[in-house]
1. Under the classification rounded if a/c is under 1.5, otherwise prolate if a/b is larger than b/c and oblate if not, where does the range 265-371 fall, given a ≥ b ≥ c as square roots of the Cα gyration tensor eigenvalues?
2. Taking the chain as a Gaussian network, where each spring joins two C-alpha atoms under 10 Å apart, which residue of Gly132, Gly217, Gly301 fluctuates the most?
3. Below 8 Å, C-alpha to C-alpha, sequence gap of six or more: please give me the relative contact order for the chain in percent.
4. Tell me whether the range 82-158 comes out rounded, prolate or oblate; compute the Cα gyration tensor, take square roots of the eigenvalues as a ≥ b ≥ c, and use a/c under 1.5 as the rounded threshold.
5. For Ile104, which sequence-distant residues (separation of 5 or more, or a different chain) have an amide H within less than 5 Å of its own amide H, given hydrogens modelled in the peptide plane?
6. Gaussian network model of the chain, Cα springs within a sub-10 Å range: biggest mean-square fluctuation belongs to which of Leu252, Leu359, Leu233?
7. Rounded, prolate or oblate: pick one for the range 41-109, where a ≥ b ≥ c are the square roots of the eigenvalues of its C-alpha gyration tensor, a/c under 1.5 means rounded, and failing that, prolate if a/b is larger than b/c, else oblate.
8. Can you give the FRET efficiency for Asp314 and Asn140, using 1/(1 + (r/R0)^6), R0 = 35 Å, r = Cβ-Cβ distance, to the nearest 0.05?
Amino acid sequence: MKKVLLLVIVQLFCISFQAQENKFNLLIGTYTKSCDSKGVYVYDFDVNTGDFRFKNATNNKTDNPSFISVSGDNKVVYSANENGIDSYVSAFRYHALSGKLDFINKEKTTSAGPCYIINDEKNVITANYSGGSVAVFGKNNDGGVTAVRQVAKQFGKGINSKRQDKSHTHMVQFTPEYKFVLATNLGNDKVYSYLYDPNTREPLKLKDSIAFKAGSGPRHFTFSKDGKKAYLLQELDGTVSVLKYKNGKLKLVQETTVLADGYKEKFTAADIHISPDEQFLYATNRKEANDISCFKIVKNGKLQFVSRTSTLGDGPRNFAIDPTGNFLLVAHQFSNEVVIFKRDKTTGELIDTGKKIELCSPVCLVFTAIK
């Protein structure tokens, strides 16, 4: 009898453990001004079924935590809070198991419109769209942010008078070897490369910049796992650039587009990511397009167009692929929903699951471990 009972307990434990292995936390950053939003949300997401369950959300008032970044130890969440000249960065203690987010502190960016945020052990860094700059914050012992340590301004404008009237820094990211920080500038069609020393008073030192096609508007990029290739999406002309990366420098290898042949309607390209198995690359496009393009990654990291699919919503600002590669989720800023697609890992095709997370103005999706 004791042996049978022990066997049942072991089986139940294994089932419970397997269930946990199939689940991740999905963190969602939102805009809070256009509709009723609590700020940052945490959902339980099953990577086998695509099912989800609300777990928690920020309780204190936090303005437009549009983009978020999670610390390497999975214990702190940082948000870029877009609030005009009063924009700031927030830090929250993150309890992954329960999804609870406890406010630690916030500090002003001193440069308007933070729209992207990253962090490492020493610093938190934002790309500031309206301010045309990169801001660096230190970290306190409790994971909170210090006052701004450095603001690296970028200058210049482009040929698109409506969108490129001045410098608009859009994204910032560490290079794979963590020696450099790259920043895209939609306003002047450049990508900047900064030498990064996390321990100095001013961690960023400008090393290089690369100019792209006039009026293209560099927005988001992603690296291959080996760090030798970068893929850049340009918002204003829909170009996807394949770039060779080495020691802080970028070299153009190939150009393709997220636009269908003969497309004449309005569009603004948005986000770009590689599947976990590095077989496919996806990129979203907004306005009248509201679609996502799939490319096969072929020899030498070049791209071969596969398909273009409706995202089934309005304003696909950001998307994320779950860590197993089973599902691709698209955050729709204007139709207030996250649409869940199943991925065919062989063809790259996206299949509508009919499942969606409905919430106010979602604009950033981040998967984390539950533990």
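Laboratory data are not the source of any read-out in this text; all were calculated from the coordinates shown. All values derive from a computational prediction rather than experimental measurement. Please note: Cβ atoms are built from the backbone with ideal geometry, for glycine as well, and neighbour counts cover all protein chains shown.
1. Cα axes put the range 265-371 in the oblate bin.
2. Sorting by GNM fluctuation, first place goes to Gly301.
3. 12 percent.
4. Prolate is the answer for the range 82-158, as a/c is 1.5 or above and a/b outweighs b/c.
5. Sorted by chain and number, the residues that satisfy this are Ala91, Phe92, Arg93.
6. Leu252
7. Prolate, because a/c is 1.5 or more and a/b exceeds b/c.
8. With a Förster radius of 35 Å, E is 0.30.
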